[in-house]
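The values are calculated or read from the model by the stated rules, or taken from the named source; none is laboratory data. Since the model is a prediction, treat every value here as computed from it, not as a measurement. As a convention, Cβ positions derive from the backbone with ideal geometry for all residues, glycine included, and neighbour counts pool all protein chains shown.
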Amino acid sequence: MSETVLLVGGGGREHAIARALADDCTLYACATNRNPGIAGLADGVETLETTDPDAVTAYAEDIGATLAIIGPEAALQAGVTDALEAEGVATFGPSADAARIETDKEFQRRFMDRNDIPGCPEYAVFEDSEAACEYIDEFDGDLAVKPAGLTGGKGVRVIGDQVTVEEAKDYIRDSEHDRIVLEERLVGEEFTVQALVANGSVRVTPAVQDHKRAYEGDEGPNTGGMGSYSAASLELPFMDESEYMDAVDIIEQTVAALDDYTGVLYGQFMLTADGVRVVEFNARFGDPEAMNTLPVMTTPLLDVLVAAREGDQLPRLSFASQATVCKYAVPEGYPTDPAAGTKIDADAVDETDALLFYASVDAREDGIYTTTSRAFAVVGVADTIAEAESIAEDGLAAIGEEGVRVRHDIGTEALLAKRDEHLASLRE
């Protein structure tokens, strides 16, 4: 039977999902924006509010969807999976309740405590801002300040790295978030492992390192992610196989403790001098990490979705033994004061070996323009990280960078060496 799949979401992550599905099914998509990359792959695209379960389910009914996959976390939090499942559309994405592993950081940490899941940092939760500020003053060490709810990857402030103690307290006092989670600062190298989960199966993917800071050299404010890289092996150059497997073990213990979880479970970890610790969990593919993982996954993503629906064990995942480097182009001034409206001519990327994934762009009759968010990502895939980085740079050079900014240091030999040196210094 030919499957009709509904993809919910319109960012770079969803463009990568669409690319992984388009050849194997009849694909439709719905999103708040019209992503030209997804539109070029799908049989139909509907613009709607993806946090409106009624609107999404109505579109799913119109197209006769037999399967659905949800990209963005806000749609999960809004209960879109629950609504689609209630209408008989098998959906690869957790329920709103299960998605709290991402959408509620207080729930996440208490869940880890309650189920003895390793890697949880010392933490405290506050509703009163002054009580949180007192805790900061009394705590022996630096802290990460995290709003309990969703912030698009931009809400965390780390004392001793991004902000001073007084700046952190001002941030808390000025915050409109109802709860603040304070966690001991984890020092090391961050990495991500994404797992595809259903029916008790946990199928892990290669580790990826994202780069949250806006500017080269890991400077500036946090963003949704400026780019990422993966190696030709499961682990990254600064880690060994046992450290990768420690992260996998944490994911497997988390899945075992969750109630019938279906979808992607994304573990963000910190490799410290004391081992692997949990920075956070997310309930969907990463953005940009999906653009590293899916282009090298040789197992059809559709096979995963079908097995999840049928109650079967998920297929074992296979990956090409290749490295990837992803670099996002963002509007000038991003993330604090982004300037929209620059016309993008990305056709020239076809003359290179790079992959192009559109994210937040404005597709008009006379062309494609930047918005105030991340515009597009260019991905290189090759036998080594160095070769993949060179391919990504070729793609960016072909497109040009008028009105946009890129972190050119992502995936470079110099930045990888810096990661190795950082961990070596912590382990001394």
>> Residues that are crowded, with 22+ Cβ neighbours inside 10 Å: list the strands (runs of 3 or more DSSP E) wholly contained in the range 191-304 that include at least 3 such residues.
In response: 227-230, 263-272, 275-282
>> Tell me yes or no: at least one residue of the range 161-182 is in contact with a Pro (Cβ under 6 Å, 6 or more places away or on another chain), closer than 21 Å to D218 by Cβ and of a type outside the set (V, I, T).
In response: no
> Any residue at all in the range 260-279 that is within 28 Å of E183 (Cβ to Cβ), in contact with a His (Cβ under 9 Å, 6 or more places away or on another chain), polar (S, T, N, Q) and modelled with pLDDT of 95 or more?
Replying inline: no
> Got a sec? Which of K146, K105 is under 25 Å from the mean Cα position of the chain (by Cα), more than 24 Å from D246 (Cα to Cα) and basic (K, R)?
Replying inline: K146
> Within the range 338-384, how many residues are out of contact with any Gly (no Cβ under 7 Å at 6 or more places or on another chain) and part of a helix (DSSP H, G or I)?
Replying inline: 4
> Just one of E421, E402, E387, E393 is assigned to a loop (DSSP other than H, G, I, E, B) and not aliphatic (A, V, I, L, M); which is it?
Replying inline: E402
> Inside the range 313-341, can you point out the residues that are among the β-branched types (V, I, T) and surrounded by fewer than 17 Cβ atoms within 10 Å (Cβ to Cβ)?
Replying inline: T336
> For residues in the range 15-42 being assigned to a helix (DSSP H, G or I) and out of contact with any helix residue (DSSP H, G or I) (no Cβ under 6 Å at 6 or more places or on another chain), which is surrounded by the most Cβ atoms within 10 Å (Cβ to Cβ)?
Replying inline: I17
> Which one of the conditions (1) in a loop (DSSP other than H, G, I, E, B); (2) touching a residue at least 60 places away in the same chain (Cβ under 8 Å) does E106 fail to meet, given that it meets all the rest?
Replying inline: (1)
